[in-house]
Amino acid sequence: MPSLPPLARGRPPCYGAAATRCNRTPEGLAPRPRRRRRSGTTPVSEGHCVAFRAYGLYSLRGGARSRGVEARECSAAAMWHEQRDNEDPRRTGDERVRAGSYQQALDAYEQARAYDPTDPELVLRIASACELAGRLDEAIEVLEEGCALHPLNAHLRRLLAHILARAGRRAEAREMREQAETCSQFQDDPMQLASVLYAQGRYEHCVTECRRLIVALGLDDPELPAFLRGGDHEELYAKLGSSLRMLGRLDEAIAALEKAVDGGPDAAWALAELGAAYRERGDVHKAREVLERAIEHNRDDPWALGELGKAYRDTGKPGAAFRMYRRALRLDPNSAWTWAHMGEVRHDRGEFEQAQQALRRACELDPNYAWAFAMRAHNALDLGLVDEALASARRAIELEPDYGWAWAMLGEVLLERGELEEAEGALLRALGDDPSDPWILTQLAHLELQRGAYERAIERCEEAIRCEPQAPWPWAKLGEIASARERFDEAVAHFEQAIRRDPNYDWAWAHLGEVHKLCERHDEAERCLRRAIELSPRYAWAHVELGEVLSTIGRSDEAIAVLQRATELEPEFAAAWAELGYAHWWRGEAERAERYLRKAVALDENDARSHIQLGEVLLGQHRVEEAIERLERALTLDPDSTWARAQLGEAYRLRGEADRARELLEAAAERAPRDPWVLSVLGAAYRELGEVRRAEATLQRAVELDPDDDWTWEELAAAYRELQRPGKARAARKRALELRRRGQRR
């Protein structure tokens, strides 16, 4: 049975140790081009310089062969530089640092040294990675060499002071801090250290450095005119705000980012970060407005497009979200973040196979993306891929041991596997992350329901409702609990409460339809189930329930078409094959019915219902021994099944064991006193045992409940004959023949 959908998370999917993006590109954290404060110009890359030189030579060559050759050589050099820029080992190193693979990061940085052995920013990166790896002496050595090469670089000295303090060399650290302050007045790029810390995902340190710079540059002075604050303040506030956002300090982040969006080359990035912060704080409409402004500034920013997609999804526009993600993937087809959220929106649209493909692609591109693995587990579970769901949930937890949603997903997967103790442990671990999460509380209620602890399940649901009164899931679970206790009016009321809170809640519509089916309100059942299918056209379970309703009211052709669709949607769904077989049985196609039911049993040998249906089909073909084998297996799997008990009693009666039949049928009649078929078979057993008066009374109750069953009238006629009541016997026999001529059949 499909499980409840997860609670939408407000925290960004990349939040925490598995974060894979926080700059302009979703896939990495490349350092941004720095602006020269003195000239106000932005330097271009070496590749661009060579390309412009090639273009100039080509334009001026005037037929000169030598200049044409030189132009071609410069074009080739430009292509080499562009390829080198795209495969920047510094970016690879930054990604490895964020993933915790410090040795791989150092290898990448050493590779970058081949291009520029004296780059101070690279020295900062290497020293930072060494510090994170615990190799403090090596970090100190690297920084001392860097200070010798760049005697006026304050950032190298500031990081060296920090590491010396960590190494316990406090006097040297104080001296180095003093040197850093002296060098600051000569520093050409005040944001160099902040850029490195940001690129490596060291957000706490980046916040500290950005705030130090704000004080040092006088940006915290409200009376300082804006034109005196220097040209880097937009980028500085943007980096500060982005770092605060990644740390979950959203109010502080928004305050910093609002200072960054007053113009300049970084306004688009700052707007995108501001929109993301608003979205994470829950201001989704304001987030959408800000992100649309960001896209106006820069239509080719894939990360901003992705964030706008998230905002569209959160404001109930999955189609617009899908278009944003598609645009982002055209710009950057290797963005794990965008692929993951494309999978999420496809999941929302019910396109589970396409969603799984997108999520698998995200996990391939970034094997350390915890949210993508958790979402992959959720989608795999909806596809019935339980093993893949389990592996994905465990991988998400391996990446982020404190990731609450990953623990919740693991709990849901374990619930699906029936491993209740392990599921409870995982769900309680998730609840520790957020004790007021209504979805996790609802999952714990579902666990108690599977244990049969109805009161405890109700307590969990009521707790979830107190935490979030507008959440639909606990109301739906209360409906399921009431249905399991056969309190159907109460169940209907609870499901309607869930639908009132979320009119598009397909699960609640489907289960409301199931309750109406059990109450034999077939028109209402059909309406609710068709609504569930309208909301989720690939909802196989709802198709199965609708097929069963249509089969019950005699619309066999429609039932078979609906059930055939269910088997196409989920070819491994045993219940779909079982109900398809049973629909063919009611249409008189015994051979096809048996084939489909055997397929259902092969798919799920522990489904009692499939065994009962197959046993009934075999019994209808007078294959009594085979039927008894199936029905005994069904009763072993579900000892409380009235249907299995009644069918097995009928099988024993046909085998001539009326005493065993009576025992089973009386137990079934006690559980289902208004089931006409059970009463008719019990009456037949009484008659065969010679208890004709009891048979008469039982059969009369059966025809009162179902006056259109020809077989019951036939048995009643036989009882009247044995009681020497020929007039009543003739009337009962006549009624049986009339029903048979009208096409009624048992």
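A few remarks follow.
- Test: residue in the range 239-260 that is at pLDDT below 75 and either among the polar types (S, T, N, Q) or touching a Ser or Thr at 6+ places or on another chain (Cβ under 9 Å) (or both): no
- Condition met for Leu244 (more than 30 Å from the chain's Cα centre (by Cα) and either within 22 Å of Leu197 (Cβ to Cβ) or not in a helix (DSSP H, G or I) (or both)): no
- Selection status of Leu529, under 25 Å from Phe352 (Cβ atoms), part of a helix (DSSP H, G or I) and modelled with pLDDT of 95 or more: yes
- For the range 290-299, the condition of being at positive phi and either in contact with a strand residue (DSSP E or B) (Cβ under 9 Å, 6 or more places away or on another chain) or outside any helix (DSSP H, G or I) (or both) holds for none of the residues.
- Considering residues of the range 383-437 that are under 16 Å from the mean Cα position of the chain (by Cα) and among the hydroxyl-bearing types (Ser, Thr, Tyr) only, the residue nearest to Arg538 (Cα to Cα): Ser392
- Count of residues meeting criterion [of a type in the set (Phe, Trp, Tyr), at pLDDT 75 or above and within 14 Å of Cys147 (Cβ to Cβ)] in the range 181-208: 0
- For the range 619-658, filtering for residues that are out of contact with any Leu (no Cβ under 9 Å at 6 or more places or on another chain) and hydrophobic (A, V, I, L, M, F, W, C) leaves 2.
- Leu580 meets all of the listed conditions (1) of a type outside the set (Val, Ile, Thr); (2) out of contact with any Phe, Trp or Tyr (no Cβ under 7 Å at 6 or more places or on another chain); (3) crowded, with 24+ Cβ neighbours inside 10 Å but one, namely (2).
- Verdict on Thr552 being β-branched (Val, Ile, Thr) and touching a Leu at 6+ places or on another chain (Cβ under 9 Å): no
- Members of the range 654-663 found to be within 19 Å of Gly620 (Cα to Cα) and either surrounded by 19 or more Cβ atoms within 10 Å (Cβ to Cβ) or within 48 Å of the chain's Cα centre (by Cα) (or both), listed by number: Ala658, Ala661
- Considering only residues in the range 382-402 that are at pLDDT 90 or above and either under 16 Å from Trp439 (Cα atoms) or small (Gly, Ala, Ser) (or both), the one that is surrounded by the fewest Cβ atoms within 10 Å (Cβ to Cβ) turns out to be Ala391.
- Residue in the range 494-515 that is hydroxyl-bearing (Ser, Thr, Tyr) and more than 23 Å from the chain's Cα centre (by Cα) present: no
- Here the range 95-120 is the region considered, the condition is being modelled with pLDDT of 85 or more and charged (D, E, K, R), and the residue that is farthest from the chain's Cα centre (by Cα) is Glu110.
- Checklist (1) over 25 Å from Gln354 (Cβ atoms); (2) in contact with a Phe, Trp or Tyr (Cβ under 8 Å, 6 or more places away or on another chain) applied to Glu591, failing item: (2)
- With respect to the conditions (1) at pLDDT below 90; (2) in the same structural domain as Arg730 (by TED's automatic domain parsing), Leu665 falls short on a single one, namely (2).
- The sole residue among Leu563, Leu535 that is touching a helix residue (DSSP H, G or I) at 6+ places or on another chain (Cβ under 8 Å) and surrounded by 23 or more Cβ atoms within 10 Å (Cβ to Cβ) is Leu563.
- Total residues in the range 284-315, condition under 22 Å from the mean Cα position of the chain (by Cα) and among the charged types (D, E, K, R): 4
- Cβ separations smaller than 6 Å between residues 6+ apart or across chains give the following pairs from the range 151-164 residues that are farther than 16 Å from Leu213 by Cβ to residues that are at pLDDT below 80: Leu152/Cys183; Leu152/Phe186.
- You will find that of Ala355, Ala311, Ala377, the residue that is surrounded by 24 or more Cβ atoms within 10 Å (Cβ to Cβ) and in contact with a Phe, Trp or Tyr (Cβ under 9 Å, 6 or more places away or on another chain) is Ala311 and no other.
- Scanning the range 103-147 for residues that are in a helix (DSSP H, G or I) and aromatic (Phe, Trp, Tyr) gives a single hit, Tyr109.
- Test result for Thr642, out of contact with any helix residue (DSSP H, G or I) (no Cβ under 8 Å at 6 or more places or on another chain), among the β-branched types (Val, Ile, Thr) and surrounded by fewer than 23 Cβ atoms within 10 Å (Cβ to Cβ): no
- Those residues of the range 606-648 which are of a type in the set (Ser, Thr, Tyr), within 23 Å of Phe573 (Cα to Cα) and either modelled with pLDDT of 90 or more or part of a helix (DSSP H, G or I) (or both), in sequence order: Ser610, Thr636
- Near pairs, Cβ below 7 angstrom, 6+ apart or cross-chain, from the range 655-677 (closer than 18 Å to Glu696 by Cα and hydroxyl-bearing (Ser, Thr, Tyr)) to any residue that is at pLDDT below 90 and assigned to a helix (DSSP H, G or I): none
The values are calculated or read from the model by the stated rules, or taken from the named source; none is laboratory data. The model shown is predicted, which means the values in this text are computed figures rather than measured ones. Every residue, glycine among them, receives a Cβ derived from its backbone with ideal geometry; neighbour counts consider all protein chains shown.
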